[in-house]
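> Below are the structure tokens for one structure; questions will follow.
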Amino acid sequence: MKKIVVVGSINMDLVTICNRVPEGGETLFGEEFFQVPGGKGANQAVAIGKLGTDVTMLGKVGKDSFGKDLIEAMKKSGVKTEYIKEGEKATGIAKIIVEKNGQNRILVVAGANSEVDREYIDEHLDVIRDCDVLVAQLEIPIETVAYALEKAKEFGKMTILNPAPARELSEDIIRNSDLIIPNESELALMTGMKTDTHEEIKEAGEKLLNLGVKDLIVTLGSKGSLHLNREVCEFHSAYKVKAVDTTAAGDSFIGGLVRELKGNNLSEAIEFATKVSAIAVTKKGAQTSIPTIEEVENFKGVKNEEK
């Protein structure tokens, strides 16, 4: 079985469900509040673990109850947590407002995630050296992401970058990422180009391919995803489901994709990942919405053929 290392954020998500978000200066009553384990890094590790793949999490939490709860939640999902360290700052949190239509708005306080630095990566180079695939996001310091990707490539590992939250990236980060998985808005910010149509997405994607990325998968929400490389421009439609909460849709997609990676052909992996994310959006919360391998195998969905 392949070994995956996820380098990234670990947050406690504080979620409020409401009819609509308040305008500036407006006070509204929410309908429900709950807290669930989250953080893009941890979410992706949990997605990989729940789907039955060997995965190790690298990151930091605070010396508080949130940190202990988050580590325990990851363990229960099959994630190896022995290299997670306690930082000086409090555990990271994300305040999430979810509207009744399933759309979400997220405000993140990095906390201990901001202390995941080059020194921490150096302490765990053996873990990266022993893996097959390294997965990273952008909720820890960008310098750390760049360094982890660089070291993984030095060791000959496959690297996957989910460039979220959206920001501009250096050419080194792009060149050291074998596979980049943004959504349309993230791709637009990374390239400075419009991404409103498939043709515009393709043109923006070609800019990244010219900088050294081998493959690009642009997730398009309820429309599906677009896979680009030097030989392929392939659209994968989404499944028709009733979205309840889209919080971990992208993280679930990445978990499914990583599980099914086999050689250079990504088509089957993308199809599997599409099922995983379709199930995730039908449930509330981040890690709590991520399906098990049994749920994915039993999923009988209908594709939405709209492009």
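> List the number of the failed condition for Lys95; all other conditions in (1) part of a strand (DSSP E or B); (2) surrounded by fewer than 17 Cβ atoms within 10 Å (Cβ to Cβ); (3) more than 18 Å from the chain's Cα centre (by Cα) hold.
(3)
> State whether one or more residues within the range 73-86 are farther than 30 Å from Glu154 by Cα and outside any loop (DSSP other than H, G, I, E, B).
Yes, because at least one residue in the range 73-86 is farther than 30 Å from Glu154 by Cα and outside any loop (DSSP other than H, G, I, E, B).
> A further question follows. Across the range 220-242, which residue is nearest to Val98 (Cα to Cα) among those that are over 18 Å from the mean Cα position of the chain (by Cα), of a type in the set (A, V, I, L, M) and surrounded by 15 or more Cβ atoms within 10 Å (Cβ to Cβ)?
Val241
> Moving to a separate point now. Among the candidates Glu143, Glu139, Glu199, which residue alone is farther than 17 Å from Ser225 by Cβ and surrounded by fewer than 16 Cβ atoms within 10 Å (Cβ to Cβ)? First the steps, then the outcome.
Details: Glu139 fails: surrounded by fewer than 16 Cβ atoms within 10 Å (Cβ to Cβ); Glu199 fails: farther than 17 Å from Ser225 by Cβ.
Within the list Glu143, Glu139, Glu199, the selection yields Glu143.
> Just one of the numbered conditions (1) outside any helix (DSSP H, G or I); (2) modelled with pLDDT under 95 is not true of Pro163; which one?
Failed condition: (2).
> List, please: which pairs have Cβ atoms under 6 Å, are six or more places apart or on different chains, and start with a residue in the range 6-18 that is at pLDDT 95 or above and end with one that is basic (Lys, Arg)?
Close Cβ pairs (under 6 Å, with a partner that is basic (Lys, Arg)) amount to Gly8/Lys40; Ser9/Lys40.
So that you can scan it fast, the table gives a plain yes or no per residue for (1) surrounded by 22 or more Cβ atoms within 10 Å (Cβ to Cβ); (2) in contact with a helix residue (DSSP H, G or I) (Cβ under 7 Å, 6 or more places away or on another chain); (3) of a type in the set (A, V, I, L, M); (4) without any contact (Cβ under 8 Å) to a residue 40 or more places away in the chain:
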| residue | (1), (2), (3), (4) |
| --- | --- |
| Leu107 | no, no, yes, yes |
| Ala110 | no, no, yes, no |
| Arg118 | no, yes, no, yes |
| Lys153 | no, no, no, yes |
| Glu171 | no, no, no, no |
| Glu184 | no, yes, no, yes |
| Leu211 | no, yes, yes, no |
| Leu216 | yes, yes, yes, yes |
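> Something else now. Since Lys75 meets every condition but one in (1) within 18 Å of the chain's Cα centre (by Cα); (2) of a type in the set (Lys, Arg); (3) under 20 Å from Ser252 (Cβ atoms), which condition does it not meet?
Status for Lys75: all satisfied but (1).
> Also, quick follow-up: Looking only at residues in the range 284-307 that are modelled with pLDDT under 85 and within 17 Å of the chain's Cα centre (by Cα), which one is surrounded by the most Cβ atoms within 10 Å (Cβ to Cβ)?
Here the residue is Ala286.
The values are calculated or read from the model by the stated rules, or taken from the named source; none is laboratory data. Bear in mind that the values here come from a model prediction, so they are computed numbers and not experimental data. Here Cβ is always computed from backbone atoms with ideal geometry, including for glycine, and neighbour counts include all displayed protein chains.
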